[in-house]
Amino acid sequence: MDDGMDEARTDHTTDRTRTVTWEDPAPGVALMPTMTGLEYLRTMLRGELPPPPITALMRMTLVSADPGTATFVCEPDESHYNPIGSVHGGYLCTALDSALGCAVQTTLPQGQGYTSIEIKVNYLRPVFAHTGALTCTATVTKPGNRVAFADGVITDGSGKTVATATGSLLVFPIA
């Protein structure tokens, strides 16, 4: 049966490729239980530990970590587009989830970790490859021994807010 898809698949004007490389995350993961969350992130910022592989895939860079806050710079491109030709909302959600988690991590003592429980994202403006670099900053609104809460915001290069989020994260001991 001819569904016409072969013709559609071969009608590309320019194929694009992207290669993603990353460092082995195991050394960093092994050291995490020996440091406070803030020490761990600052060690990563100094380049003494590799960043997590997700940052290479998503073109996100942790640029600062201070008590109760973390900031990423994100550089979406066409490889992050959805079917309607804008950056997929999942990209923004991933950036916000990462920033929320790292902000909470800055509040954690040695031997504690976290994972997301829930995240609520508000998408306020579309993002395109030509939008340029995005800044994603999260701030802890309530630290906790069992559950922590944080808010995040993504702004574009002109300072316009493109998305916001609130999230809750489970805090637990790590081995």
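The values are calculated or read from the model by the stated rules, or taken from the named source; none is laboratory data. Just so you know, these numbers come straight off a predicted model, no measurement behind them. Cβ placement follows ideal geometry from the backbone for every residue including glycine, while neighbour counts extend to all protein chains displayed. Remember, those area values only see protein heavy atoms, side chains included, never the ligands or the DNA or RNA. Shrake-Rupley method; radii C 1.70, N 1.55, O 1.52, S 1.80 Å.
Can you pull out the residues in the range 105-141 that are out of contact with any Gly (no Cβ under 8 Å at 6 or more places or on another chain) and among the charged types (D, E, K, R)? Once the filter is applied, which keeps residues that are out of contact with any Gly (no Cβ under 8 Å at 6 or more places or on another chain) and among the charged types (D, E, K, R), the range 105-141 yields only Arg125. Filtering Arg59, Arg125, Arg46 for residues that are open to solvent by 60 Å² or more (accessible area, probe 1.4 Å), modelled with pLDDT of 95 or more and touching a Cys at 6+ places or on another chain (Cβ under 8 Å) leaves a single hit, Arg59.
Output the qualifying pairs, or none if there are none: Cβ atoms under 9 angstrom, residues six or more apart or on different chains, first residue in the range 39-50 and closer than 11 Å to Gln105 by Cβ, second residue of a type outside the set (Gly, Ala, Ser) and assigned to a helix (DSSP H, G or I). If the second residue must be of a type outside the set (Gly, Ala, Ser) and assigned to a helix (DSSP H, G or I), the pairs left are Tyr40/Leu31; Tyr40/Met32; Tyr40/Thr34; Tyr40/Gln105; Leu41/Cys102; Leu41/Gln105. I'm trying to understand the selection: among the residues of the range 90-112, which are in contact (Cβ under 8 Å) with a residue 40 or more places away in the chain and surrounded by fewer than 16 Cβ atoms within 10 Å (Cβ to Cβ)? Result: Pro109, Gln110, Gly111. Only residues that are open to solvent by less than 30 Å² (accessible area, probe 1.4 Å) and among the aliphatic types (A, V, I, L, M) were counted across the range 74-89, and they come to 1. Among the residues of the range 133-167, the ones that are of a type in the set (Asp, Glu) and open to solvent by less than 50 Å² (accessible area, probe 1.4 Å) come to 1 in all.
As for the range 116-125, it holds no residue that is among the acidic types (Asp, Glu) and touching a Lys or Arg at 6+ places or on another chain (Cβ under 6 Å). Considering the range 62-73 alone, what residues qualify as being over 18 Å from Ala133 (Cβ atoms) and surrounded by 15 or more Cβ atoms within 10 Å (Cβ to Cβ)? Once the filter is applied, which keeps residues that are over 18 Å from Ala133 (Cβ atoms) and surrounded by 15 or more Cβ atoms within 10 Å (Cβ to Cβ), the range 62-73 yields Ala65, Gly68, Thr69. Among the residues of the range 70-83, is any in contact with a Pro (Cβ under 9 Å, 6 or more places away or on another chain) and either within 24 Å of Leu31 (Cβ to Cβ) or assigned to a strand (DSSP E or B) (or both)? Looking through the range 70-83, none of the residues is in contact with a Pro (Cβ under 9 Å, 6 or more places away or on another chain) and either within 24 Å of Leu31 (Cβ to Cβ) or assigned to a strand (DSSP E or B) (or both).
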